[in-house]
Amino acid sequence: MPQSAGLLVTATIVTLMLSLGLGLKDYPFVLLRDRPGFLWRVLLGTCLLVPLAGLALVLLPLQALFSRPAWVAMALMLACPSAPLILFRVRSSGGTAELAARLQIAAALLATVSIPLLAIVFKASAGLSGWPVSGWEVSPIAVAVQVLKVQVLPVIAGVLLAQWRPLLAQRCSAVLGKLATLLLALVMIALLGLSARQLLPFLQQNLAGLAAMAGLSVLSLAIGYGLAGRDPLERRTVALVSGMRNTGLAAELAFTYAPPEVLPDLIPAILSYVLITVIMSTVFLRWQKRDLVRAG
């Protein structure tokens, strides 16, 4: 089951990223051309500042309060930026979907470098606290190649096709977007099936970890909100891009690198982080809606 679930996760990410690349209507790197300062500020925030701030403010000082599965799940989610399905969240909340798509593509490119570096940092941090890290044979080059294959190459293929055949790309993007949504639902069902017995015990035994996940979610949203600038729609969009981490990629890395004896406890921890992030982002959007109404 873990192997088939891992293949399903891979197929989902590839489909999502291909759909994302196909969906861009104009020049894909317009932010780099027109607003390079804004782009780099947001990218460095979501890819590096969020995980490093989480490590410095939560994971290191409070490590003794967390179980190892909870700690590793938080590290994985922090390291993996920008969930592809954030576009649906942005559209439904009145944000700027085109901006979110461009930021996600740029984050996918930067993740090829940032995730391998963060893997070294997080593994060293766990070792400094006396936790055994044997069995986690995480090679930075292997991680970079994996991110390249499942995220960067599909999105580049989509962008190239969109520039060559824009009408065909738009039709394919809509179909693949629906397929990706279905695949993601199947991924969540598969993860729930893998962790059904462990989920409730994890929730009962990791209250400190759950509280930390909520704090990290708020921190991620706040960093994006602060880096976005003054435009209210861009603030909402960038906060969501920064706050909604990439569950699929985190699960992909877990299936690839987690020792078999750790994986059953790690999956419910990742699912818990996802659920808490959805709750906190919903609270954020309601607060934003009231704030915009008052401003209007």
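The values are calculated or read from the model by the stated rules, or taken from the named source; none is laboratory data. Everything numeric in this text was worked out from a predicted model, so none of it was measured. All Cβ positions, glycine included, derive from the backbone under ideal geometry; neighbour counts span all protein chains shown. Note: areas computed on protein heavy atoms with side chains; ligands, DNA, RNA excluded. Shrake-Rupley method; radii C 1.70, N 1.55, O 1.52, S 1.80 Å.
Which is farthest toward the positive dipole end of the chain among C80, A180, Q204, measuring Cα position about the Cα centre, with Cβ charges +1 (Lys, Arg) and -1 (Asp, Glu)?
A180
Output ³J(HN,Hα) for region 191-208: one whole-Hz value per residue in order, computed from phi by the Karplus curve 6.51 cos²θ - 1.76 cosθ + 1.60 with θ = phi - 60°, and x for Gly and Pro.
Along region 191-208, the couplings run 5, 5, x, 5, 10, 4, 6, 8, 5, 4, x, 4, 4, 6, 9, 10, 4, 5 Hz.
Could you give the length gained on full extension between Q170 and W287, defined as 0.36 nm per residue of separation minus the Cα-Cα distance, in nm?
Gain on extension, Q170 to W287, equals 38.7 nm.
Using a ≥ b ≥ c from the Cα gyration tensor of region 150-210 (square roots of the eigenvalues), is it rounded, prolate or oblate, where a/c under 1.5 gives rounded and otherwise the larger of a/b and b/c decides, a/b for prolate?
Here region 150-210 falls in the prolate category.
Can you tell me the accessible area per residue over the chain, all protein chains present, probe 1.4 angstrom, in square angstrom?
With the other protein chains kept in place, the chain gives 45 Å² per residue.
Residue-wise, which Karplus ³J(HN,Hα) couplings in Hz belong to region 227-232, taking 6.51 cos²θ - 1.76 cosθ + 1.60, θ = phi - 60°, and x for glycine or proline?
Working through the residues one at a time gives 7, 6, x, 9, 5, x Hz.
Quantify, in whole percent, the carbon and sulfur part of the accessible surface of the chain (1.4 Å probe; protein heavy atoms only).
69
Can you give the charge dipole size of the chain about its Cα centre, rounded to the nearest 20 debye, using +1 on the beta carbon of Lys and Arg and -1 on the beta carbon of Asp and Glu?
Value, rounded to 20: 820 debye.
Using a 1.4 angstrom probe and counting only protein chains, how large is the accessible area of W287 in Å², to 10?
About 110 Å², rounded to the nearest 10.
For L117, L186, what's the largest-to-smallest order of accessible area, 1.4 Å probe?
Largest accessible area first, the residues go L117, L186.
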